[in-house]
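First the structure, in the form of structure tokens, and then the observations on it.
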Amino acid sequence: GAGVSQSPSNKVTEKGKDVELRCDPISGHTALYWYRQSLGQGLEFLIYFQGNSAPDKSGLPSDRFSAERTGGSVSTLTIQRTQQEDSAVYLCASSLSTSGGGETQYFGPGTRLLVL
Amino acid sequence: GQSLEQPSEVTAVEGAIVQINCTYQTSGFYGLSWYQQHDGGAPTFLSYNALDGLEETGRFSSFLSRSDSYGYLLLQELQMKDSASYFCAVNNAGNMLTFGGGTRLMVKP
């Protein structure tokens, strides 16, 4: 089947605006992860979902960031009142489960966010 | 906190062998993963070590020593297409990944 898809692929917004990023995981994958990658840097963990619940939100940079997942499938990451430092590539990944560790995470192509 | 250290850049010639090292400080360690990312692309899984020792997958091998908090990725018979960034990542509870800063590998003819 299809891999992880994300939309939009690119987003340019003005400082102070809200943005919503979408992730469609691989069908049947119960675990979903959001990461952020600044240019030339490693991936920064933001949040993960097991089903519809988010056991760990500790990676969210501020209260302007929120995420939800409904129906155990699609997830949206919302950034309110965007700032220039939010500019990055936002990557979503999914895996079959979260149990035991070592489950391969399959990444989507990312959303490139530029805040002017 | 958690931290991973890996070299920022490595250069090698086609056909050679290269080793990318990774040291980590972490809690809740389940294993060490390696991901490859080409410029502009998404990270793709290469290997995972939960136990000490060497895991081999074709031209790529990965090693882990839990007592030393150390691992490495070994790439043999380098090809031009292997030019990419390579990330080590610690698997934590919930299969969360904490990534290192990445090693940019340049393969020259």
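Tally Lys/Arg at +1 and Asp/Glu at -1 over every other residue whose Cβ is under 14 Å from the Cβ of A:G51; what's the total?
Working: positive: A:R69; negative: A:D56, A:E68.
For residues surrounding A:G51, the net value is -1.
Look at the stretch A:39-47: the mean tally of other chain Cβ atoms within 10 Å of its residues' Cβ atoms is 5. Shielding value for B:86-95 is 5, the average number of Cβ atoms from other chains within 10 Å of each residue's Cβ.
Between the range B:19-40 and the range A:57-116, the C-alpha centres lie 20 angstrom from each other.
In this calculation the C-beta distance from A:T76 to B:S3 is compared with R0 = 30 Å, giving a FRET efficiency of 0.50. Determine which residues of the range A:62-94 fall in the zone a paramagnetic label at A:L39 would reach in this model, i.e. backbone nitrogen under 19 Å from the point 7 Å along Cα→Cβ. Once the point is set 7 Å along Cα→Cβ of A:L39, A:83-91 turn out to lie under 19 Å by backbone N, inside the range A:62-94.
Once you sort the root eigenvalues of the Cα gyration tensor of the protein assembly as shown as a ≥ b ≥ c, which label holds: rounded (a/c under 1.5), prolate (a/b larger than b/c) or oblate (the other case)? Don't skip to the answer; put the middle values down first.
Values: a/c = 1.85, a/b = 1.46, b/c = 1.27.
Because a/c hits 1.5 or more and a/b exceeds b/c, the protein assembly as shown counts as prolate.
Classification of chain B by its C-alpha gyration tensor yields a prolate form. The axis ratio a/c (a ≥ b ≥ c) is 1.5 or more, and a/b outweighs b/c.
Given R0 = 25 Å, the distance between the Cβ atoms of A:S58 and B:Y70 translates into a calculated FRET efficiency of 0.45.
Straight-line cross-link reach from A:K15 at under 19 Å between alpha-carbon atoms covers these aspartates and glutamates, not counting any fewer than eight positions away in the same chain: A:D63, A:E85, A:D86.
GNM on chain A, alpha-carbon springs under 10 angstrom: the most fluctuating residue among A:L21, A:L96, A:L77 is A:L96.
Treat every Asp and Glu Cβ in the range B:4-109 as -1 and every Lys and Arg Cβ as +1, leave all other atoms uncharged, and give the resulting dipole magnitude about the Cα centre to the nearest 20 debye.
Working: 5 positive and 10 negative charges, 28 e Å.
With only Lys, Arg, Asp and Glu charged at Cβ, the dipole is about 140 debye.
Peptide B:23-31 shows a mean partner chain C-beta count of 1 within 10 Å per residue C-beta. Of the trypsin sites (Lys or Arg not before Pro) in the range A:37-116, the ones in a loop by DSSP (not H, G, I, E or B) with at most 15 other beta carbons within 10 Å are A:K57, A:R64, A:R81. Cα extents for chain A along the principal axes, largest to smallest and rounded to whole angstrom: 40, 27, 27. The loop-placed GluC sites (Glu not before Pro) in the range B:1-84, going by DSSP, that have at most 13 neighbouring Cβ atoms within 10 Å of their Cβ come out as B:E14, B:E77.
We did not get these values from a lab; they are worked out from the coordinates using the rules stated. What you are looking at is a predicted structure, and each value in this text was computed from that prediction instead of being measured. With ideal geometry, Cβ positions are generated from the backbone for all residues, glycine too; neighbour counts draw on all protein chains shown.
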